[in-house]
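Heads up: the structure comes next, in structure tokens.
The values are calculated or read from the model by the stated rules, or taken from the named source; none is laboratory data. This structure is a prediction, so every number in the text was calculated from the model and none was measured. Positions of Cβ are generated from backbone atoms using ideal geometry, with glycine treated the same way; all protein chains shown enter the neighbour counts.
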Amino acid sequence: MSNNRRLNMTSRRRFLKQVGGATAAVTVGASNLSARTLSGGQTASLTQTESANDPARVKRAYEVRQAAALEQKAQPLPVHRVNGDEEAYRNYIGNYSKGLPHNRLGEVDAKAYAALLRALQTGEPADFAAIPVGGTVTLSNPQAALAFDLIGADSHHLTVPPPPAFNSEEQAAEMVELYWQAMTRDVPFVQYDTDRTIAAAVSDLRKFSRFGGVTQWTLFRGEASGDALGPYVSQFLWKPVPYGGLSITQQYRVPIAGTDYMTTYSGWLNCQNGMAPAAQQLWDASPRYLRNGRDLAESVHRDFTYQVFLNAALILLSFGNSALDDANPYKNISNQSGFATFGAPHI
């Protein structure tokens with residue numbers, strides 16, 4: 001690969017990483033574009049004036065896609081670590097088993113769990129079809145792990161840290177945090193600095209090393225870079241979303257306050273087995289901006305997988321060029337604008 005091409009690809013990767021993961025879907029399609037080529041500098045290896053039927057285009061398209069695939073293939077395989085619970089507890093009480101049959105103690109049926117493991121090991125559709133379920137709720141797309149994505153890294157080339165072990169302090173701390181989230185889910189975010197239940201949650205969680213520095217305004221926040229900065233609720237969840245010719249006001253259908261679920265053992269066990277909840281959801285008569293933990297939880301309960309990211313991108317794009325990274329090649333070209341490459345549809 002030439003030095004110029006390396007420079008162009010490096011600049012392009014930097015731009016795509018900065019505008020976010022949504023751009024990964026079109027990285028290959030934009031692989032021949034660079035700021036220098038677009039502004040009249042170095043000529044690309046295949047010009048836009050060549051015939052679409054030219055065999056050189058077919059060859060170049062193959063080379064671009066092959067190069068992208070080889071680049072992914074060359075990345076080191078990560079180590080997929082486990083927390084050891086599956087070996088430590090032979091009744092699998094430390095592992096996810098919701099939807100499978102369970103006994104009265106809530107322990108998963110060992111044969112059903114073994115059927116799940118067998119299907120994961122063989123990858124055979126017939127083995128997945130043979131996994132027993134304990135109720136009416138179906139398993140949510142377990143064969144997705146076997147699919148291959150033609151864009152970006154293969155799923156098996158990515159990894160996440162193992163969850164805390166069942167007998168660890170970290171697991172206990174997360175369970176205590178979860179119960180406090182349930183206890184405080186109807187407290188408005190604007191009252192976090194004065195509410196007594198919030199103060200009690202902060203005091204209790206500070207007993208765990210994992211939450212030693214928690215305050216009222218970092219309580220229940222995430223751990224990614226920047227999560228503890230700014231207002232408690234992201235402005236991307238409150239500002240109107242420009243959606244083509246529409247403007248979507250971010251007021252949500254939310255449950256009424258004080259409604260609790262799975263507060264009986266039988267209700268919990270039924271849900272663990274995959275039975276439909278017996279209680280019906282009661283809804284607030286008025287749509288609401290997200291103002292407390294209950295509202296926030298309901299918003300991610302009903303959203304589609306990339307909804308909040310799409311909304312954030314649409315909001316940012318409404319700001320025009322001022323929202324674009326300086327590495328965007330079209331930001332400094334006066335007679336062209338980005339669209340399918342480095343424009344709004346691309347992003």
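Kindly establish whether ARG294 is modelled with pLDDT of 95 or more, among the charged types (D, E, K, R) and either in contact with a Phe, Trp or Tyr (Cβ under 8 Å, 6 or more places away or on another chain) or farther than 30 Å from PRO101 by Cα (or both). No. Within region 134-161, being within 27 Å of ASN103 (Cβ to Cβ) and assigned to a loop (DSSP other than H, G, I, E, B) holds for GLY134, GLY135, THR136, VAL137, THR138, LEU139, SER140, ASN141.
Yes or no: ILE131 touching a helix residue (DSSP H, G or I) at 6+ places or on another chain (Cβ under 6 Å), at pLDDT 95 or above and aliphatic (A, V, I, L, M)? Criteria met by ILE131. In region 300-347, of all residues being among the polar types (S, T, N, Q) and buried (at least 17 other Cβ atoms within 10 Å of the Cβ), the one that is nearest to the chain's Cα centre (by Cα) corresponds to ASN311. Among the residues making up region 265-293, those that are surrounded by 13 or more Cβ atoms within 10 Å (Cβ to Cβ) and either under 26 Å from LYS239 (Cα atoms) or of a type in the set (Ser, Thr, Tyr) (or both) are TRP283, ASP284, ARG288, TYR289, LEU290, ARG291, ASN292, GLY293.
Among what's in region 71-88 and is at pLDDT 95 or above and either touching a Pro at 6+ places or on another chain (Cβ under 7 Å) or in a helix (DSSP H, G or I) (or both), pick the residue that is farthest from SER155 (Cα to Cα). Here the answer is ALA88. Answer with yes or no whether SER247 is part of a helix (DSSP H, G or I), polar (S, T, N, Q) and either touching a residue at least 40 places away in the same chain (Cβ under 8 Å) or out of contact with any helix residue (DSSP H, G or I) (no Cβ under 6 Å at 6 or more places or on another chain) (or both). Answer is no for this residue. Can you pull out every residue in region 183-200 that is within 27 Å of the chain's Cα centre (by Cα) and buried (at least 16 other Cβ atoms within 10 Å of the Cβ)? If the condition is that a residue be within 27 Å of the chain's Cα centre (by Cα) and buried (at least 16 other Cβ atoms within 10 Å of the Cβ), then THR184, ARG185, ASP186, VAL187, PHE189, TYR192 are the ones that fit.
One line per residue, one yes/no per condition, for (1) at pLDDT below 95; (2) assigned by TED's automatic domain parsing to the domain that holds ARG210:
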position: ARG104; (1), (2): no, no
position: ASP149; (1), (2): yes, no
position: ALA153; (1), (2): yes, no
position: ARG185; (1), (2): no, yes
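If you go through region 100-125 and pick out every residue that is part of a loop (DSSP other than H, G, I, E, B), surrounded by 11 or more Cβ atoms within 10 Å (Cβ to Cβ) and of a type in the set (D, E, K, R), you end up with 3. Answer with yes or no whether TYR179 is modelled with pLDDT of 95 or more and surrounded by fewer than 14 Cβ atoms within 10 Å (Cβ to Cβ). It is true that TYR179 is modelled with pLDDT of 95 or more and surrounded by fewer than 14 Cβ atoms within 10 Å (Cβ to Cβ).
Checking PHE128, PHE166 one by one, the residue that is hydrophobic (A, V, I, L, M, F, W, C) and either assigned to a loop (DSSP other than H, G, I, E, B) or touching a Phe, Trp or Tyr at 6+ places or on another chain (Cβ under 8 Å) (or both) is PHE166 and no other.
When ALA257, ALA297 are screened for being in a helix (DSSP H, G or I) and in contact (Cβ under 8 Å) with a residue 40 or more places away in the chain, only ALA297 passes.
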